[in-house]
Every structure is written in C-alpha cells, then in structure tokens.
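Here the structure is laid out as structure tokens; the discussion comes afterwards.
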Amino acid sequence: MAHIHEKIDFTVAIFVVHQDRVLVIHHRKLNKWLPLGGHIELDEDPEIAAVREAREESGLEVELIGERPPTTEPGTRALITPRFLDIHRITDTHEHIGMIYWARPKKGTLTLATDEHHDIRWCSAAELDQLQPPMANAVKWYCLKALAEIA
C-alpha cells in the first residue's frame, strides 16, 4: 500500500517462529532480509494488519503472541500488545512507527510472494549470520529475541 501520510506511517513487523526457526524474507525492493510486515491500512487495526501481511507475504495463517487485556466491552476491543515498538527512518522526510509482533504459524503452505521478495526461509539463530546480504543488527536482534522467547 502507498504511504497514507507524507511524514509518518504505522507499520507491523511479524516475527514468526516454528521449531526453533524464525521466518525471514529477502525484500526485493530494499535488498534486505526482514520479517514479514507492512503498512497498517486505513480500515485496519494493528492485529488485522499483522495477520493480513503474514498471509499475503508467506501464505501462512498465524497466531499472534501477546497479552490481550480483559477490557473488551461495547465500543471497545482490547488488542494484543505488540512485543516491541520502534520508529525508523525511511527517507529524510518520512518515518515508520513499527509495531513488532511475535507469532506462530497455525496453518497454510509457505509460499514466496515473488512480486515483493527474492526469497523466504526459516532460519535458525546460527543461519542468520550466513544470510547474504548480511541482516541488519536491529533485525537480527529481534529475530534472536523471538527465538529465545518462543520455545
């Protein structure tokens, strides 16, 4: 989706872990290894965006991991809390506020979104160091943290 604001957008990143491996994609446009993710669209909340992006980019239905406060009542829906938040610069004039989720696969067949990515793969902690081009330190930190927390 195109940016919805000229200065800042809200995004989701989904670190999916299964059998001691984390799912990463080699982004075609950015030439970087990243988690699944993308922009939160105007008609979405962060949870819906995370599940949609995971499905679109991997073919997998995922279960987000996190705490949902027991505060849902008429007019209010409690959301699963992202594990982390960050803000990262995209250009000199545009930033993204990222909501970072942990997830597990529920069902589906892993599928490469060829229009967006060169590759998609499950990586162990050791395999993250072998990726080319090398993964950014911040992304690797999140990968390792997700692997450590989702056993």
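The values are calculated or read from the model by the stated rules, or taken from the named source; none is laboratory data. Quantities reported herein were computed from a predicted structural model and do not represent experimental measurements. As a convention, Cβ positions derive from the backbone with ideal geometry for all residues, glycine included, and neighbour counts pool all protein chains shown.
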**Request:** Just need a number here: residues in segment 29-81 that are under 19 Å from PRO105 (Cβ atoms), in a loop (DSSP other than H, G, I, E, B) and of a type in the set (Val, Ile, Thr).
**Result:** 1
**Of residues in segment 26-38 being in contact (Cβ under 8 Å) with a residue 40 or more places away in the chain and more than 10 Å from the chain's Cα centre (by Cα), the one surrounded by the fewest Cβ atoms within 10 Å (Cβ to Cβ)** = LYS29
**Request:** Mind telling me which of the residues LEU85, LEU23 ends up being in contact (Cβ under 8 Å) with a residue 12 or more places away in the chain and surrounded by 13 or more Cβ atoms within 10 Å (Cβ to Cβ)?
**Result:** LEU23
**Message:** Being surrounded by fewer than 20 Cβ atoms within 10 Å (Cβ to Cβ), more than 19 Å from ASN137 (Cα to Cα) and without any contact (Cβ under 8 Å) to a residue 12 or more places away in the chain is the requirement here; does ARG52 meet it?
**Reply:** yes
**Asked** Condition test on THR11, is it hydroxyl-bearing (Ser, Thr, Tyr), under 29 Å from PRO134 (Cα atoms) and buried (at least 16 other Cβ atoms within 10 Å of the Cβ)?
**Response** yes
**Request:** Among the residues of segment 67-86, write down those that are under 24 Å from LYS145 (Cα atoms) and either among the basic types (Lys, Arg) or modelled with pLDDT of 95 or more (or both).
**Result:** ARG68, LEU79, ILE80, THR81, PRO82, ARG83, PHE84, LEU85, ASP86
**Asked** Taking segment 102-130, which residues are surrounded by fewer than 13 Cβ atoms within 10 Å (Cβ to Cβ) and assigned to a helix (DSSP H, G or I)?
**Response** ALA126
